[in-house]
């Protein structure tokens, strides 16, 4: 399938780049006068939420507001917020707080690590940006004092040993043979130097204090003619001892500054490190060769095994000293090592071939800012979408949070399920800030970003934030989901707000008390626990209004240990990047990533429709189909004429139409129940809309327009349950037209009234 001579995969990649071009917060985090984040997204009455704030001016104002409508467009009701009078609404002292990116392993200081005499450092490494400046492999190095030791990629891209004595005299010995690299075009943002090594390397450094002899070994795992050759460098130094320091031992970084337990890490390594070891003697040539062949000389000071406890942040030392460490800033685990054969692609079944960790200089798990202020939610606080509104100078930021009812209680029959996993996945996509990546971005070395954390400012998760795709700028994610909040408020419905995190942790018990659950506009990222909970709810008589598109698509994990982090591994779908071979399983849970459809959980089986197409350009209206005239669907179309187009008017999303952006379709071969009614369809989208990659099984000469459509579907579950799906992200953007007096609003309210009532559905 091609468009104007362009291959489909390239075209879709360009569409992703346009989509992620992004928001009204286009100055980035560093350009904002005040910016913040919260320690949680979901909070119950009686609980305390903490806000971390960075301000470039001496003070800032914080106010609690309820968010009602997030789109500032003058074509709609405009931005709407309600100030909630609270004692914490006041001025606070401002201070700038930095974000330190870059992942590493930290091992607490121990006398066994304070090597002042002879020693050996050894590891396997896969450097991905070897020409990007000095990068640390294993260090106990203090840059400020020039004391200690460390194994590095030096500034010339070659292996180096740095030694500093107690007087600050430094010796740097390097091989002078840069690690080979090639450029992977198009895999990273402009200016981010996507240079990749093509080899695993065995590296080692020995230092004999009695003679001053240093030996460096830099040997590729595969020795190719004319490419990468083994290098061994020997040199004798006048230095007969190394200066000791009490700093923690690091892998993939070194201490630029350190004082009273706080410090700044520099020299972040890009690439994989495997099997790092430390010995308190200069190993012989035979012992080094034994390491290279997978053996181990006796009595290491430390022998870290990255294949142990992969699903945790722990780093295990298998030596007698038990010098265990921990990862910081979430480097990628469950990645292939130098000995991966390809015979097993699941790290759970071949852990010894997954003994590597992939570090990045732009990893970020927790910004680590100090608390600016706290808010204890009153016990009688209304469930809803709220924010801490921050103002300083001429700057402004909104830090959203979601107040749910107390666990085990409800305050309404209607639950609005906020797609917070999707918010995290898209977090800061398209931002000019290199220190806050989304799951649609590449790291600086070109590898895909597979983890996202809520413990950082997320500018795309803001009211007023707009997305630019093609020629249109419009609300998406939180801003778009507030369309539904305003609709519910305007129509006088009582509702509770719940989040993906709540559903993941509580499952069906969270949903069971509600008569109807409404999704957000883009519930794309779902965990297995969430799917189980929703399925059980529907089978026991629950009712769902799926008012969005591209839902229930990517397998998503919440880290069981650190629940602020989600993980994905992209493969087989319409995607911004693809996981490397052998790295399709999630490190945090061990489960297979990718699309839910490839694990037998197609969205069509759950909600009747599934992702079929996406693209920029004009939205379209729906045309009624024969299923809409079935008596079972009569309540849905009360007040709608038989030939009346649905959404044939202006919209807050892309200016016109109810169907667009990302589309879902009915497909019985993919699991749509046989009794599901096809109520309406939108088609004839412009050629910029493309069929999803996962269903392009062969190369065609032209577009496959038949499957580029949005389907509206209704069907019943057992015990009085039911699903109404619209198959379009843009649906809610058309609600407000003519002050909610239109076909989209009428159908939405018809379904909501019936689903929320005790009246049984038509038999």
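We did not get these values from a lab; they are worked out from the coordinates using the rules stated. Worth saying up front: this structure is predicted, and the values here are computed from it rather than measured. Note that each Cβ is placed from the backbone with ideal geometry, even for glycine, and that neighbours are counted across all protein chains shown.
The modelled label-to-label distance between residue 409 and residue 166, using points 7 Å beyond Cα along the C-beta direction, is 6.6 nm.
Length available on full extension from residue 669 to residue 109: 0.36 nm per residue minus the Cα-Cα distance, which gives 195.7 nm. Annotation: peptides 454-465, 723-734, 557-568, ranked by per-residue average of other Cβ atoms within 10 Å with the highest first, follow the order 723-734, 454-465, 557-568. Nearest 0.05, what FRET efficiency do residue 490 and residue 532 give at R0 = 30 Å with Cβ-Cβ as r? After rounding, the FRET efficiency stands at 0.30. Looking at the square roots a ≥ b ≥ c of the eigenvalues of the Cα gyration tensor of region 670-763, which shape do they give, rounded for a/c under 1.5, prolate if a/b is larger than b/c, or oblate? Because a/c hits 1.5 or more and a/b fails to exceed b/c, region 670-763 counts as oblate. Normalised by the number of residues in region 104-359, the mean separation of alpha-carbon contacts (under 8 Å, six or more apart) gives a relative contact order of 24 percent. Relative to the current alpha-carbon distance between residue 241 and residue 86, full extension at 0.36 nm per residue lengthens the span by 49.6 nm.
Measuring nothing but how far apart in sequence close Cα pairs (under 8 Å, 6+ apart) lie, relative to its length, the chain scores a relative contact order of 15 percent. Let me know the shape class of region 499-578, please: from the alpha-carbon gyration tensor, a ≥ b ≥ c as square roots of the eigenvalues, rounded when a/c is under 1.5, otherwise prolate if a/b is greater than b/c, or oblate. Since a/c reaches 1.5 but b/c is at least a/b, the shape of region 499-578 is classed as oblate.
Extension gain for residue 509 to residue 738 (0.36 nm times residue separation, less C-alpha to C-alpha distance): 78.6 nm.
Semi-axes of the equivalent ellipsoid for region 104-359, computed as √(5λ) from the eigenvalues of its C-alpha gyration tensor and ordered from largest down, come to 26, 21, 20 Å. Mind running the shape call on region 626-732? Use the C-alpha gyration tensor, a ≥ b ≥ c as the square roots of the eigenvalues: rounded below 1.5 for a/c, prolate if a/b tops b/c, oblate otherwise. Since a/c reaches 1.5 but b/c is at least a/b, the shape of region 626-732 is classed as oblate. Projecting the alpha carbon convex hull of the chain along each direction and taking the average yields 33.7 nm².
Counting beta carbons within 10 Å around each of 577, 255 and listing the fewest first gives the order 577, 255.
Between region 661-734 and region 284-309, how far is it from one alpha carbon centroid to the other, in angstrom? Centre-to-centre distance over Cα atoms comes out at 55 Å. When you count the other C-beta atoms within 10 angstrom of each residue and take the mean per peptide, 305-317, 516-528 line up highest first as 516-528, 305-317. With a Förster radius of 60 Å applied to the C-beta separation of residue 753 and residue 394, the computed FRET efficiency comes to 0.85. Each label was represented as a point 7 Å from its Cα along the Cα-to-Cβ direction; for residue 563 and residue 695 these points are 3.6 nm apart.
Over region 560-682, Cα pairs under 8 Å with separation of 6+ residues give a relative contact order of 28 percent. Each part reduced to its alpha carbon centroid, region 363-404 and region 558-625 end up 29 Å apart.
For the chain, the 222 nm mean residue ellipticity estimated from helices alone, with every DSSP H stretch of n ≥ 4 adding -39500 (n - 2.57) and the total spread over all residues, rounds to -3000 deg cm²/dmol.
Counting only alpha carbon atoms, the long axis of helix 8-19 and the longest principal axis of the chain meet at about 80°. Scoring 435-447, 533-545, 379-391 by mean Cβ neighbours within 10 Å over their residues and listing the highest first yields 435-447, 533-545, 379-391. Each of residue 308 and residue 57 was given a label point 7 Å from its Cα along the Cα-to-Cβ line. The distance between the two points is 5.4 nm. For residue 376 and residue 262, a Förster radius of 41 Å and the Cβ-Cβ distance give a FRET efficiency of 0.90, rounded to the nearest 0.05. For the chain, the longest principal axis of the Cα atoms and the long axis of helix 528-539 meet at an angle of about 20 degrees.
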